[in-house]
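Undergrad: The structure that follows is given in the form of structure tokens.
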């Protein structure tokens, strides 16, 4: 079996209205959610295909330029721990993830096995999801929390910047749904100094049962600040990390309670193994992608023991389409782990035609 053809598709899928930022808030994440996404389809001479998806913002030309390194190759002969485009830490990391995803999908189909089996087997048959949002005014935050509760989701992730009404948001959520929904406050390192974090924390004292954790409140490069904050905060502290050495350093310093990890499936497994050895719970991060990448996240979560927290897998709760024929199965706050060979998803050709855009 040889890889005969590699196709790339550039798409832009809009969000549901007021599902990210409130209408009058631009937010520190800006138009990040609106960046195009590149999909990849790898087809063999036997007619099998594998699907991949690069993270938002990766240029189609970047993904496409590595196609000659795979065409004509037998996917079973490739070293999946180190693909021929460098590694997951290089400038081509987004392309790396897309090709790794497509190879797992392709080989899983060839062997008749779901991807989680290729990753070593499943620890769970379903994976906890979350609802994700940007920066919102309190009334929109309450509405989003009600939506989460109606879906059976108990964790709502919200972005926060210095000066945002964080306490007012949590108060509004508490009034709307009680403690049925907890919030991960993702500050993206924007709170500048521990004093700002502690000031917010004082205001949150009445709502501790509504706090899942505080993610990346200050610069991740200053673990001393995280050690200090962990001693003083009355709710869990989380770090969003990628580099394995950063994970090791955070674990050694006891700088956080939880870890948000991501990147490629193999890389996620390696980082999660470090967390597991340290007894630290993990969730899978997300760039708010589409159905192909989210299916890969579900398989990776299923195959890692420490991934017990609600992962940033959002299904159709943010975007108007996920570009797969059959949506990921979701019930009572959990995504069912696909049992079909490969990733278990199929590209929706009609949606691809509708949302496809040319690279300028």
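Undergrad: Given points 7 Å out from each Cα along the Cα-Cβ axis, report the residue 35 to residue 248 separation in nanometres with one decimal.
TA: About 2.9 nm, to one decimal.
Undergrad: Quickly work out the residue 16-to-residue 257 label distance, labels modelled 7 Å from Cα along the C-beta direction, and quote it in nm with one decimal.
TA: 2.9
Undergrad: Given a Förster distance of 35 angstrom, what is the FRET efficiency for residue 59 paired with residue 205, based on the Cβ-Cβ distance and rounded to 0.05?
TA: 0.15
Undergrad: For the Cα atoms of the chain, what angle does the longest principal axis make with the long axis of helix 244-253, in degrees from 0 to 90, nearest 10?
TA: Tilt relative to the chain: about 30 degrees.
Undergrad: Also, I was wondering about something else. Rounded to two decimals, what is the ratio between the C-alpha radius of gyration of the chain and 2.2 N^0.38 Å? Walk me through the intermediate numbers first.
TA: On the way: Rg = 20.1 Å, N = 360, 2.2 N^0.38 = 20.6 Å.
So the chain has a normalised radius of gyration of 0.98.
Undergrad: Among 187, 149, 278, which one shows the highest mean-square fluctuation when the chain is modelled as a Gaussian network with alpha-carbon springs under 10 Å?
TA: 278
Undergrad: With a 10 Å cut-off between alpha carbons and a GNM built on the chain, which of 69, 191, 318 moves the most?
TA: 69
Undergrad: Let me ask another. Can you give the convex hull volume per residue for the Cα atoms of the stretch 46-161, as a whole number of Å³?
TA: 171
Undergrad: At 0.36 nm per residue, and after removing the present C-alpha to C-alpha distance, how many nm does the segment from residue 276 to residue 151 gain when stretched out fully? Walk me through the numbers before you get to the answer.
TA: Values: separation 125, 0.36 × 125 = 45.00 nm, distance 2.94 nm.
Stretched fully, the residue 276-residue 151 segment lengthens by 42.1 nm.
Undergrad: Any idea what the alpha-carbon Rg over 2.2 N^0.38 Å comes to for the stretch 126-336?
TA: Compared with the compact-globule rule of thumb, the stretch 126-336 sits at 0.97.
Undergrad: Please state, as a whole number in µm²/s, the translational diffusion coefficient that the Stokes-Einstein equation yields for the stretch 139-239 at 20 °C and 1.002 mPa s, with Rh defined as the Kirkwood radius across alpha carbon pairs. It would help to have the intermediate numbers written out before the result.
TA: Numbers: Rh = 13.5 Å.
Stokes-Einstein gives a translational diffusion coefficient of 159 µm²/s.
Undergrad: Efficiency by 1/(1 + (r/R0)^6): what FRET value for residue 358 and residue 2, r their Cβ-Cβ distance, R0 = 25 Å, to the nearest 0.05?
TA: Details: r = 30 Å, r/R0 = 1.19.
The formula returns an efficiency of 0.25 here.
Undergrad: For residue 74 and residue 222 in one chain, what is 0.36 nm times their gap in residues minus the Cα-Cα distance, to one decimal in nm?
TA: 48.8 nm
Undergrad: Can I ask one more? I'd like the FRET efficiency for residue 113 and residue 350, computed as 1/(1 + (r/R0)^6) with the beta carbon distance as r and R0 of 30 Å, rounded to 0.05.
TA: In this case the efficiency is close to 0.55.
Undergrad: Using only Cα atoms, tell me the angle between helix 194-203 and the longest principal axis of the chain; keep it within 0 to 90° and round to the nearest 10.
TA: 70
Undergrad: Just to be sure I follow: if Rg is taken over the C-alpha atoms of the stretch 231-360 and Rh is the Kirkwood radius over the same atoms, what is Rg/Rh?
TA: Rg/Rh for the stretch 231-360 comes to 1.03.
Undergrad: Measure nothing fancy, just the Cα-based angle from helix 223-232's long axis to the longest principal axis of the chain, in degrees from 0 to 90, nearest 10.
TA: In the chain, helix 223-232 runs at an angle near 50 degrees to the longest axis.
Undergrad: Pop a pseudo-label 7 angstrom from the Cα along the beta-carbon direction at both residue 168 and residue 234 and give the gap in nm to one decimal.
TA: 2.3
The numbers here are math on the coordinates, done by the rules we state, and not lab data. Computed from a predicted model, the values in this text were never measured in an experiment. When we count neighbours, we look across all protein chains shown, and the Cβ atoms used for this are built from the backbone with ideal geometry, even at glycine.
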